[in-house]
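The next block holds one structure in the form of structure tokens; read it before the comments.
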Amino acid sequence: MRGDLVRKLAARALATGLAVLAFLVVALTGATGWGLGLTVAALAAVAWERRVRPGADSVAETALVAAAVLVGYARRLDAGFDPALAATALVLLGLVLLVGPLRDAGGLELRAANLPVRSWTPLVAARLGDALLGLLAVVALAAAATLPARIALAAVALVAAGAGAVGLDLARRRFRPGAGGSPVSRALRRHQPEFLLYFSAPPGSEYQVTMWLPYLQRLGRPFLVMLREPEFLPTIAAATTAPVVYCPTLKAMDEALVPSLRVAFYVNHGAKNSHCIRFTQLTHVQLHHGDSDKAPSANPVSAIFDRIFVAGQAAIERYARAGVDIPAEKFVVVGRPQVESIEVRSEPARALANPTVLYTPTWTGHHADANYCSLPVAEALLRGLLARGATVILRAHPYTSQNPASARQLGRLTELLAADRARSGRQHVFGAAARELTLAECANRSDALVSDVSGVISDYLYSGKPYAVTDMGGEGDRFAERFPLAGSGYVLRRDMSNVDEVLTALLDTDPLASARWATRTRYLGDFPAESYAEAFLDAARRQLDAGWNPPTPRAAGGADLPVEPDEASLSPRT
């Protein structure tokens, strides 16, 4: 998070500073050529700021740059009053003032992918800011080359015509909407989706959706993905054939929530989930994007959902342990379908020769009480693994780069592995190569896991292979009480003082092998391996069809786990 703040402040300072400097150089000195060069640099800085801060207001900077370009153009031509240049100035400054409001108005329109709808206005409106920056750069280059002002006027008129067309269409949509709603709404009605996957999250969180898309598609029912942030639209649309809809406003959601919808699935506890939960005609189901002993996995906000799909009985116990009181009938044990492709190894890890170890450090979290990241002490761990002849797969959390200190620590680890690969020939996997692998592929390639407290451990538990957990809070004996998964793993102290002892247990003796299997059942359910994902599919189909009766899952020892009661026995919102 600190890294994001630093980038945003740097982008703001650079864009504003270069715009002011360019104007001062052109207006107050005779260095017109240098000033025009600075305007192009300022435009590049404004473009960078928009990438770092998509909602940045850059009217002041673009107005200064436009003024600098026009003053410089007049000086380069040095021909007195030029009507073409005056017209260029009038239209260009009008565009500087109007492009922002037009872009914002277009951003309020419903947008979609994977639907037979072509809605050009929101797309063009979203690009008007980039078009204006490009136009200013063209006019600056025309000024530097002392081209006739009518050439600049032609370029400005072309962009103005596009902006005018966008403005007229947006006005028509607002004041004279088409019968039956927007084109996207009409297309969704024809599609007849039965459920939706709702998603709102910070940038870089697409994995929370993509891990569930294959299983939702296997339901064989029409559905849609509803997004609340526009940057996710292209990436998630590329991951599915289902319609993907970006709803910037509550009004847009009203249009997208067509009458055929019956169920809404969620993958996190984002604040904007409440915008969809207000639709009481839907059954709201929380899926989560992982199962771990982290504090967020027992979020009290879960209570607002009609159903909470959990991987195993341990998740239900986690809420109770945290003092979160949720009616038992809301919980549905469905396993963790994403682990179905993980290969299971039943024998203990004894005297592994040349083992491959997966190391998955998590990120620092939004708050100090959720910081389980072991990167600050990981060098001692990696050196211990290398000393035992291990090949390392280093797969860091996607959010690691948001913290500059974590990014530097990760960089040192990759350098260490790269140096060892060059020296020993062991094919360590890290960086982009590790991110290209799925977690299942990493699990199948490895013999053991070292992880921080995270959902990775629950998934890896399915393999039956040994794992070690880092105790970054320094809780000692209380660690396994707070994080029960650690009870079947080997706990690394925060100072790594027991790294040799833990690696011996992890790779040579594996005394907790039998305990892992009991833990595996509690955390991941007791479903047949050959049809493991069917537990989720059955439970999801039951939400869509009250007549669907999936088999009852089994707990450890043969006792039945809670499954969802018949719809007739519950009110629509429990």
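Tabulated results
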{"quantity": "Distance between modelled label sites at Ala328 and Val344, nm, 7 Å Cα→Cβ extension", "calculated": "2.7"}
{"quantity": "Cβ-based net charge around Glu317, under 14 Å, with every Lys or Arg adding one and every Asp or Glu removing one", "calculated": "0"}
{"quantity": "Magnitude of the charge dipole, the stretch 61-189, Cβ model with Lys/Arg +1 and Asp/Glu -1, debye to 20", "calculated": "640"}
{"quantity": "Carbon and sulfur %, accessible surface of the stretch 429-478 computed with the full protein complex present, 1.4 Å", "calculated": "49"}
{"quantity": "Theoretical FRET efficiency, 1/(1+(r/R0)^6), r = Cβ-Cβ of Glu475 and Thr280, R0 51 Å, to 0.05", "calculated": "0.75"}
{"quantity": "Relative contact order (%) - criterion: Cα under 8 Å, at least six apart; region: the chain", "calculated": "12"}
{"quantity": "0 to 90° range, to nearest 10: angle between helix 32-52 axis and the chain longest Cα axis", "calculated": "30"}
{"quantity": "Carbon/sulfur fraction of accessible area - the stretch 272-397, other protein chains in place, 1.4 Å, %", "calculated": "52"}
{"quantity": "Table column - 3J(HN,Hα) (Hz), the stretch 274-280, Karplus curve with 6.51, -1.76, 1.60, x for Gly and Pro", "calculated": "4, 5, 9, 5, 5, 7, 6"}
{"quantity": "Accessible area of the stretch 50-195 belonging to carbon and sulfur atoms, whole % at 1.4 Å probe", "calculated": "65"}
{"quantity": "Full-stretch length increase - Val138, Ala433 - with 0.36 nm per residue and alpha-carbon distance subtracted", "calculated": "102.2 nm"}
{"quantity": "Angle between the chain longest axis and helix 59-77 axis [Cα atoms, degrees, rounded to 10]", "calculated": "40"}
{"quantity": "Trypsin sites (Lys or Arg not before Pro) within the stretch 261-295, DSSP loop, no more than 12 other Cβ atoms inside 10 Å", "calculated": "Arg278"}
{"quantity": "³J(HN,Hα) computed for each position of the stretch 291-296 - Karplus, 6.51 cos²θ - 1.76 cosθ + 1.60, integer Hz, glycine/proline x", "calculated": "10, 8, 8, 4, 4, x"}
{"quantity": "Value of [θ]222 nm, deg cm²/dmol, for the chain, DSSP H segments ≥ 4, -39500 (n - 2.57) each, nearest 500", "calculated": "-15000 deg cm²/dmol"}
{"quantity": "Placed amide H near Val429: partners under 5 Å, 5+ positions off or other chain", "calculated": "Val392, Ile393, Leu394"}
{"quantity": "Sequence-distant residues sharing a close amide H with His284 (under 5 Å, placed H)", "calculated": "Ala264, Asp306, Arg307"}
{"quantity": "Surface per residue (accessible, 1.4 Å probe) for the chain, Å²", "calculated": "43"}
{"quantity": "Folded to 0 to 90 degrees: helix 120-144 orientation relative to the chain principal axis, Cα", "calculated": "50"}
{"quantity": "Ranked order, Val65, Val429 - accessible area, probe 1.4 Å, largest first", "calculated": "Val429, Val65"}
{"quantity": "For Thr470, residues with placed amide H under 5 Å, excluding near neighbours", "calculated": "Ser451, Asp452, Val453, Leu492"}
{"quantity": "Proximal charge balance of Thr235 [Cβ under 13 Å; K/R count +1, D/E count -1]", "calculated": "-3"}
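The values are calculated or read from the model by the stated rules, or taken from the named source; none is laboratory data. Only a predicted model underlies this, so the values are computations on that prediction, with no experimental measurement involved. Methodologically, a virtual Cβ is constructed for each residue, glycine included, from the backbone with ideal geometry; neighbour enumeration extends over all protein chains shown. Side chains included, ligands, DNA and RNA excluded: accessible areas come from the protein's heavy atoms. Shrake-Rupley method; radii C 1.70, N 1.55, O 1.52, S 1.80 Å.
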